[in-house]
Amino acid sequence: MSRVVVKVGSSSLTTPDGHIDPQRLAGLVEAVGGARQRGDDVVLVSSGAIAAGLGPLGLPERPRDLATQQAAASVGQGALMAQYSDRFARLGLAVGQVLLTVDDVTRRGHYRNAHQTFAKLLELGIVPIVNENDTVATSEIRFGDNDRLAALVAHLVHADLLVLLSDVDGLYTAHPSEPGSRLIASVASDADLAGVDIARVGSAVGTGGMVTKVEAARIATAAGIPVVLTSAQNAATALEGQAVGTRFEPTGKRRSSRLLWLAHASQTKGAVLLDDGAVRALTQRGASLLAAGITGVDGTFSAGDPVDLVAPGGGVIARGLVNFDSTELPSLLGRSTADIVAELGPDYDREVVHRDDLMVLQRP
Ligand SMILES: Nc1ncnc2c1ncn2[C@@H]1O[C@H](COP(=O)(O)OP(=O)(O)O)[C@@H](O)[C@H]1O
Ligand SMILES: N[C@@H](CCC(=O)OP(=O)(O)O)C(=O)O
C-alpha cells in the first residue's frame, strides 16, 4: 500500500466557457477510485475553483482582480465539490474538503492541526480534496499556484509519490507546439533540465504553466518524493505505477515539513539584518538568532510572522519565524540576552528566531 498525492489543473477539469467538464472529472474520479480499491491512500489537490465559477457568473475570461477571482472561486469551489462528492459516492467513497492558506501550514499550531486533519481523514478512508482557500486568501498570503501547494501537501502527508496532471502528457524539451520538441521521460537531477524551455505560458485558465510544475517537482524530489508529470487522461496509468509522462527521481531526503513550507510557501513580512558573526552562527553551527547579532530591521511584522534573515552583503541566507514585533526589535539590537532580561524582565528571555523555526537557504 502506498500514499499518493494527485494534483489536477484547471484546464483538465473545466471547459473553455467556464464550466466543469463532467466526463473529465468522472474519468479522474475513476482513476483515483481504482487506486483506493488497490488499498492506496490518495489525497487529491484539485484546481478549477476560479475556472468553474466563470460560467455561472457569466464571466467571459479569468478575471484579473483579486475580488472577482475570490467571488468566482467561492462559486466554483462549491460546484466542484458537489460533482466530486457525487462521483466518488457512486464508488462508495466519501470526500472531505480541505481549504488551506499559507498561514495554516507555516505557523506552528496551525501546521500541527493541518497534519492531524489529513491523518484522520486518511485513517477514516476519506479522500481529502484540497485547494487553496481562494475566497479568503489575499494577495500577500497566497500560494497562487496549486503545483507548489501539492508538493508541500505531499510532504505534509508523507506521500510516496506525487502525480501532477495537466493538459500536456509530460515535460517537453520546449513548448510542445515547437517543431522538434520531445518528451523527456526521466529527470534525475537539475542537470537534466539544462536547456529545457519552460517559459511559454500554458492554457488560458491555468496559472503557472510548466514553471510551477518544475518548481513543484524540485520541492518534492528534494524532500525525497518522486514525481510523475503527465496528462489527466493518463491518471489511471500513472496511479498503477506504470511508466508514463515524465518521472522526476528523488534528489534529497525528507526534512521537517513545517520548515519546507516556511522556505517555499510563505511570503515574508520583513527582514532582519545580521552581522557576520550571526551569519556564521546560523549557517555553520545551526544556532538560534539572538539580538546581539542583529544590525537592523526592515518592514512591519508581528511576533510569529515569517521573516527573511539577511547577511551584510544583502543575500537572504535563511527564513525564520520571528519571536518579536518589528517595533520591539530596534531597542534590542546588538545587546546580549542577559542585558535585555536585566532591563526588561524574564518575558524577554527568548531568541529572536529559534533554531527550530529557521531554515537556512544558502550558505555564504
Ligand atoms: N517545455 C514544456 N513542456 C510541456 N508543456 C509546456 C512546456 N512549456 C510550456 N508548456 C505549457 O504548460 C502547459 C501546462 O500548464 P498549465 O496550463 O498551467 O496547466 P494546469 O492548468 O494543468 O496547471 C502546457 O499545456 C503547455 O502549453
Ligand atoms: N486555487 C485556484 C487554482 C490555482 C492553480 O494553480 O491553477 P492550475 O494552474 O490550473 O493548477 C483555483 O482553484 O482556481
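Observations
- The stretch 36-105: trypsin sites (Lys or Arg not before Pro) in DSSP coil with no more than 16 other Cβ atoms inside 10 Å: Arg38, Arg64
- Taking Gly286, Gly76, Gly170 as the candidate residues, the one with maximal mean-square fluctuation in a Gaussian network model of the chain, Cα springs under 10 Å, is Gly286.
- Around the amide H of Leu164, modelled in the peptide plane, lie the amide H atoms of Lys7, Val228, Leu229, Thr230, all under 5 Å away and 5 or more residues distant in sequence or on another chain.
- Residue among Ala281, Ala291, Ala73 with the largest mean-square fluctuation in a Gaussian network model of the chain, springs linking Cα atoms under 10 Å: Ala281
- Under a model in which nothing but the beta-carbon of Lys, Arg (+1) and Asp, Glu (-1) is charged, the stretch 143-298 shows a dipole of about 500 debye around its Cα centre.
- Estimated from helical segments only, the mean residue ellipticity of the chain at 222 nm is -10500 deg cm²/dmol, where each DSSP H run of four or more residues counts as -39500 (n - 2.57).
- Order of His155, His110 under a 10 Å beta carbon neighbour criterion, fewest first: His110, His155
- Selection from Ala35, Thr101, Ala281 lying farthest towards where the dipole of the chain points positive, charges on Cβ: Ala35
- In the stretch 3-260, taking the dipole from charged Cβ atoms about the Cα centre, the farthest positive-side position among Tyr172, Leu260, Gln69 is held by Leu260.
- Neighbour counts of other Cβ atoms within 10 Å put His19, His264, His354 in the fewest-to-most order His354, His19, His264.
- Straight-distance candidates among the aspartates and glutamates for linking to Lys269, with alpha-carbon spacing under 13 Å and chain neighbours fewer than 8 residues away dropped: Asp103, Glu140, Asp298, Asp305, Asp308, Asp325.
- Computed over the chain with a Gaussian network model linking Cα atoms closer than 10 Å, the most mobile of Asn113, Asn131, Asn234 is Asn113.
- Semi-axis lengths (Å, descending) of the ellipsoid that matches the C-alpha gyration tensor of the chain: 39, 22, 20
- Listed residues Leu161, Ser326, Ser11: farthest to the positive end of the dipole of the chain (Cβ charges): Leu161
- Nonlocal amide H pairs with Ser288, under 5 Å, H built at 1.01 Å: Arg355
- Evaluated with a Cβ-only charge set (Lys, Arg +1; Asp, Glu -1), the chain carries a dipole of roughly 800 debye about its Cα centre, given to the nearest 20.
The numbers here are math on the coordinates, done by the rules we state, and not lab data. Values in this document were obtained by computation on a predicted structure and should not be read as measured data. Cβ coordinates were reconstructed from backbone atoms using ideal geometry, including for glycine residues, and neighbour counts include every protein chain displayed.
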